[in-house]
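Let me begin by presenting the structure, written as structure tokens, before commenting on it.
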Amino acid sequence: MNNPTNSNNGAETAFFDVFFTNATEAIFITDSEGQLITANPSFINLTGIELSEARGKAPLILRSEFHDADFYLALWRTLKRRGSWKGEIINKRGDGEICREWLSVSSHKNAAGEVTNYVGTFADSAGRMSQSFSKHYYDSMTKLPNRLLLQDRLEFMINHARRNNQLMALLLLDIDRFKMINDTFGYEAGDALLRITADRLVLCTRDVDVVFRSGDDEFAVILEEIARPEDAAKVAQRILDAGSEPLRIGGHDIYATTCIGISIFPTDGDGKVQILQNAEAAMRRAKEVGLNSFEHYKPTMNARAMERLSLENDLRNAVANSQLCAFYQPQIDIKSGRITGAEALLRWKHPNLGMVQPGQFIPIAEDTGLILSIGEWVLRTACVEARKSYGNEKPFVISVNLSASQFRQQNLFSIVESALKDADLPPDLLELEITETMSMKNPEDTMAVLRKLKDLGIRIAIDDFGTGYSSLSYLKRFPIDTLKIDRSFIIDIPENSRDAEIVKAIITMAHSLDLSVIAEGVEMEPQAQYLLENGCEKIQGYLFSPPVPLLEFEKLWAKHK
């Protein structure tokens, strides 16, 4: 290394060594390329980075993402042109803490006028950054910059890309099933997952890229100066691949997969707001596609998002405006052909769109929490209309589906009890249906809720049976009355021998547990015949009737009562 004092005098060299070692300011020396050669003890104390770790690297290892690339570019240009640069800079210590520093850098040249070294000194200009500043711009848990800094940095990077006619990308990421992991394994596991995810994202990106924690379980990555959109896809795939490896947290293997949305400047927007919105639209689409996936933004995504937002706004007023109604699909005794019950199914008569299919609005209701009020409305309406329909004649059982959100409600028991009382409906004429998948998520909790409901005297059915992963040890302990065979097993019987055997096995198992069986989706006579021959008691499907409005159901009931 060239001696930056440019002196051969031994006394001066000794003085420099003493000054270098004992100075309260941090001093560092780099080569002509800006790679660190040495630094004094104060540098180590102020940065929290050991010399062995810093040697051979540029001082940019201290950058805090508070400054954009243009800031460092201007600093370097000034240093090259003038031979020195002075100013205030915001850096990040090795432990992630933010520091405001006064930096002075100057070049050192040899006799030929060639730059051989750069010498820099700095000291805290205001001590450590205030705690409020750090909280304002940085996430304390992951040490990553937060959404506020994302907004600033994104604007800087877009301006930089625009000036240099370059592409840049924004990736927005959401951890799959984070709430479930948090609720199941506890907040400590959730916090550990966030920190590990942050570390993984940093490892999956380049030094020039910046990772942010933009929300509770959301992260963002700005990719600078990419050559083509496919480069963003490669980074996204690298992140997905990293997420496919299990994490050992709190004694459990946890898979921290993500859904990623990608937007590219300038093709997907000419400003910060558009780039952010379009990345969010792409991320929502990735969630719809499935776990551990990424999607590039497409213009149709915003159209879909606007349509969904419009439906959501209309749905909020649907109950108050009497646009919701219950349709009823009869359940038939397969031997006698008589109606023994009916399943209540929600329908929405939209004033402009006509009849909106449940598949369009039920997911919206679940995502927004509207499913709780709507679900209670269906329950109360079905109880009242069932009691009205059978009058003083021989009654039938009314079946009502419970969503997962309803099933977790603390006041579910009182809602059901109130609905029965207000409708004057005998409890044994109400059957509540929960899906097989729902029942097995927390089987012990499921059992406790079902037993409490059974104490009211109502019936319990497991819906969509065969599509989940039931544990027979739990199934036989659940206080249930009925298994409903999912329509996916009915559609190809009796021709599909495999489905036929599965249906036969379900019927046999149900009877061994003293449960009745209803087959859903029965549309053809051979299906009904096969079910009859194998002991299925009831069927439900278009062979007898589709779901119909109350008045039409009452006509069907009048014929068969």
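Does Ser52 meet the test of being small (Gly, Ala, Ser) and under 19 Å from Ser32 (Cα atoms)? So Ser52 fails the test.
Please go through the stretch 349-387 and give me each residue that is free of Cβ contacts under 8 Å to residues at least 12 places away in the same chain and assigned to a helix (DSSP H, G or I), ordered by number.
The initial filter retains those residues of the stretch 349-387 that are free of Cβ contacts under 8 Å to residues at least 12 places away in the same chain, namely 352-355, 357, 359, 363, 367.
Matches in the stretch 349-387: Gly359, Pro363, Asp367.
Can you say whether Gly290 is of a type outside the set (Val, Ile, Thr), surrounded by fewer than 22 Cβ atoms within 10 Å (Cβ to Cβ) and in contact with a helix residue (DSSP H, G or I) (Cβ under 7 Å, 6 or more places away or on another chain), as far as the supplied structure shows? The answer is no for Gly290. Looking at Thr205, Thr197, Thr184, just one residue is within 30 Å of His67 (Cβ to Cβ), out of contact with any helix residue (DSSP H, G or I) (no Cβ under 7 Å at 6 or more places or on another chain) and among the β-branched types (Val, Ile, Thr), and that residue is Thr197. The residue that is surrounded by the fewest Cβ atoms within 10 Å (Cβ to Cβ), among those in the stretch 166-195 that are in contact with an Asp or Glu (Cβ under 6 Å, 6 or more places away or on another chain) and under 11 Å from Asp216 (Cα atoms), is Phe178.
The number of residues in the stretch 203-216 being buried (at least 16 other Cβ atoms within 10 Å of the Cβ) and without any contact (Cβ under 8 Å) to a residue 40 or more places away in the chain comes to 3.
Answer yes or no: is there a residue in the stretch 502-523 that is touching a Pro at 6+ places or on another chain (Cβ under 7 Å) and not small (Gly, Ala, Ser). No, the stretch 502-523 contains no residue that is touching a Pro at 6+ places or on another chain (Cβ under 7 Å) and not small (Gly, Ala, Ser). Does any residue of the stretch 409-417 turn out to be without any contact (Cβ under 8 Å) to a residue 40 or more places away in the chain, farther than 30 Å from Met180 by Cβ, polar (S, T, N, Q) and in a helix (DSSP H, G or I)? No: the stretch 409-417 contains no residue that is without any contact (Cβ under 8 Å) to a residue 40 or more places away in the chain, farther than 30 Å from Met180 by Cβ, polar (S, T, N, Q) and in a helix (DSSP H, G or I).
Okay, residues lined up against (1) in contact with a Leu (Cβ under 8 Å, 6 or more places away or on another chain); (2) under 20 Å from Ile222 (Cα atoms):
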{"residue": "Ile275", "(1), (2)": "yes, yes"}
{"residue": "Asn278", "(1), (2)": "no, yes"}
{"residue": "Ser310", "(1), (2)": "no, no"}
{"residue": "Ser322", "(1), (2)": "no, no"}
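Quick check: is even one residue across the stretch 139-152 surrounded by fewer than 14 Cβ atoms within 10 Å (Cβ to Cβ), at pLDDT below 85, in contact with a Leu (Cβ under 7 Å, 6 or more places away or on another chain) and of a type outside the set (A, V, I, L, M)? Checked against the condition, which is being surrounded by fewer than 14 Cβ atoms within 10 Å (Cβ to Cβ), at pLDDT below 85, in contact with a Leu (Cβ under 7 Å, 6 or more places away or on another chain) and of a type outside the set (A, V, I, L, M), the stretch 139-152 yields no hits at all.
Taking Asp191 as the residue in question, decide whether it is under 16 Å from Ile254 (Cβ atoms) and either assigned to a helix (DSSP H, G or I) or in contact with a Ser or Thr (Cβ under 6 Å, 6 or more places away or on another chain) (or both). The answer is yes for Asp191. Cβ-Cβ contacts under 9 Å between residues 6 or more apart (or on different chains), taken from a first residue in the stretch 431-445 that is assigned by TED's automatic domain parsing to the domain that holds Ile458 and free of Cβ contacts under 8 Å to residues at least 60 places away in the same chain to a second residue that is part of a strand (DSSP E or B) and among the acidic types (Asp, Glu), are listed as Ile434/Asp463; Thr435/Asp463; Thr435/Asp464; Glu436/Asp463; Glu436/Asp464; Thr437/Asp464; Met438/Asp463. Within the stretch 55-104, the residues that satisfy the criterion of being outside any strand (DSSP E or B) and either in the same structural domain as Arg206 (by TED's automatic domain parsing) or charged (D, E, K, R) (or both) are Arg55, Lys57, Glu65, Asp68, Asp70, Arg77, Lys80, Arg81, Arg82, Arg93, Asp95, Glu97. Of Gly369, Gly359, which residue is within 24 Å of Asn442 (Cα to Cα) and either touching a strand residue (DSSP E or B) at 6+ places or on another chain (Cβ under 7 Å) or surrounded by fewer than 15 Cβ atoms within 10 Å (Cβ to Cβ) (or both)? When all the criteria are applied, what remains is Gly369. Please tell me if Lys135 is outside any loop (DSSP other than H, G, I, E, B), among the basic types (Lys, Arg) and modelled with pLDDT of 85 or more. So Lys135 fails the test.
Against the test of being at pLDDT 90 or above and farther than 27 Å from Lys538 by Cβ, the options Trp348, Trp377 yield a single qualifying residue, Trp348.
In this structure, is Cys325 under 30 Å from Val356 (Cα atoms) and not assigned by TED's automatic domain parsing to the domain that holds Ile518?
no
Being charged (D, E, K, R) and modelled with pLDDT of 80 or more is a description that does not apply to Glu97.
The values are calculated or read from the model by the stated rules, or taken from the named source; none is laboratory data. Note that the structure is a prediction, hence the values are computed from the model and not measured. Positions of Cβ are backbone-derived with ideal geometry, glycine not excepted, and every protein chain shown enters the neighbour counts.
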